[in-house]
1. Restricting things to Cα coordinates, could you compute the convex hull volume per residue of region 249-297 in Å³?
2. Could you state the number of Å between the C-alpha centres of region 254-277 and region 365-387?
3. Filter the GluC sites (Glu not before Pro) in region 284-356 to those in DSSP coil with at most 12 other Cβ atoms within 10 Å of their Cβ, and list the result.
4. Around ALA114, which amide H atoms from residues at least 5 apart in sequence, or from another chain, sit under 5 Å from its own amide H, with H modelled in the peptide plane?
5. Taking amide H atoms as placed 1.01 Å from N in the peptide plane, list the residues 5 or more away in sequence, or in a different chain, whose amide H sits under 5 Å from that of GLY266.
6. Which number do you get for Rg(Cα) / (2.2 N^0.38 Å) in region 255-379?
7. Residues with amide H under 5 Å of ARG185's amide H, sequence separation 5 or more or different chain, H placed in the peptide plane at 1.01 Å from N; which?
8. Once the convex hull of the C-alpha atoms of region 107-461 is built, how many Å³ does it hold per residue, rounded to a whole number?
Amino acid sequence: MSGRDPWESASERPPTHRVQPTAPPPAGLFSGPNLPFTLAIITALGVLVAFLVLVKPFSASETTVTTTTTAATGTTDTTGTTDATGTTVAGATTSSSIPGDLAPLQGIKLETLATGIPWAVGASSIPGDDRIFVNERTGMIGVVVPGQGLQGTPYLNLTDRVGWGGIENGLLGLAFHPDFATNGRLFVYYTSNPGLDSRIVEFHADGADATTVDPSTEKLILEVQQPGLRHRAGMLQFGPDGYLYIALGDGGLGNRNAQDLTVYQGSILRIDVDGGDPYTIPADNPFASGGGLGEIYHYGLRNAWRFFIDAPENMLYIGDVGAETVEEVDAVPLTDKGLDFGWPDYEAGDCYLPVDSTCDPAGVTMPVLTYGHDEGCSVTGGVVYRGSAMPELVGHYFYADWCNGWIKSFRLQDGQVTDERDWSADIADVGQIQISSFGTDSDGELLVCDSNGQLFRIVPVR
């Protein structure tokens, strides 16, 4: 996760309109010179009543917001519907809505859900379950219940097998199977003890509502030997295609692993954990038929500590941690495959190696957003907001910097970054935080992990 490597050196009702009693009209109001004015007032009142009865219920119910959908073949202005949680449904034809009785959004704040979490580096949830599952780098998956904090019994305890020496190792990733409610399968990325090798393993929970998971149910899916101590990445997420995506850093040895398609380092992998034992390679993976390891989906990444698949728009966002001067965020259609993000020839959009010649940008996918080390030193890739508490921000990608503790967001439109927001002032009163990861609760609201042991939820200020 290192930048310059900080690890070394996230039934509506219209408003109630109270009608005040009206005083009796003064004598003579309907006669003489007052009559024209009286008729005008009566006419105006009639128009006002008609407006309130016929128009107001519709205007109070919702305001329409148009969104932009990016497809694999290009970008097309479309609209999308929202479900009960405010999440845009891919392929739908109506737009997300903002209830008219919401007060204007003034900003955001961080609501503390738990403290005392040893090295929180990830937060996940299960649909319909209020519990939040927190990756503790030291080898446990803790449980946070909103209103109660961190629970005393961990969901999964792997401290007997997780190696977390060096600040980039440990229990780094968690993904629940899309059918977890019926099959109880969950997947974990951790570095081994001893060896600090990358291990992607499967566990089995005894029911979706189980309070603990038996560590003895572990099944090895994939193991990658690691000669170095750094750049493990560690993100796991299932895509809407049902495949498991895995991020692996370049190993931190200053070599060209990320450009070597015969090794796993410096890439995002894509595997089918339902198609074989322990997995199969999807037939449409870019190197499934040769030319590289079949599991590799993208390459040329230094340390994609956190990526996010936004299923409604079928987009992949990657926060790739920079080296000397620049941090980057990449965003590409999920259906694009075999992309080279440039490392180590490029650090973001700048030529990095070889330093004594001109880099060739041909075939390199450039980031959609960069920032220099005058603003931070280690990007924390985030998530696209799809909750309901802040409908104004649906579609915004939230990200942070681990060193400087700020939160920013943007919206992607026609492949370009738009509507950039800096939320730093809104969270200034929280104090020094080191944002290691984002996540979402079961309602789709944003969660923020702090390396110093705190879990927050982003809530609106209205």
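1. Details: hull volume 3.5 nm³, N = 49.
That works out to 71 Å³ per residue.
2. 23 Å
3. Sparse-neighbourhood loop GluC sites (Glu not before Pro): GLU324.
4. LEU455
5. Residues meeting the amide H criterion: LEU248, GLY249, ASP250, GLY251.
6. It is 1.09.
7. Long-range HN contacts for ARG185: HIS177, ALA205.
8. Looking at region 107-461, the number lands at 131 Å³ per residue.
None of the figures in this text is laboratory data; all of them are computed from the coordinates on show. Bear in mind that the values here come from a model prediction, so they are computed numbers and not experimental data. For neighbour counting, all protein chains shown are included, and Cβ atoms are generated from backbone atoms with ideal geometry for every residue, glycine included.
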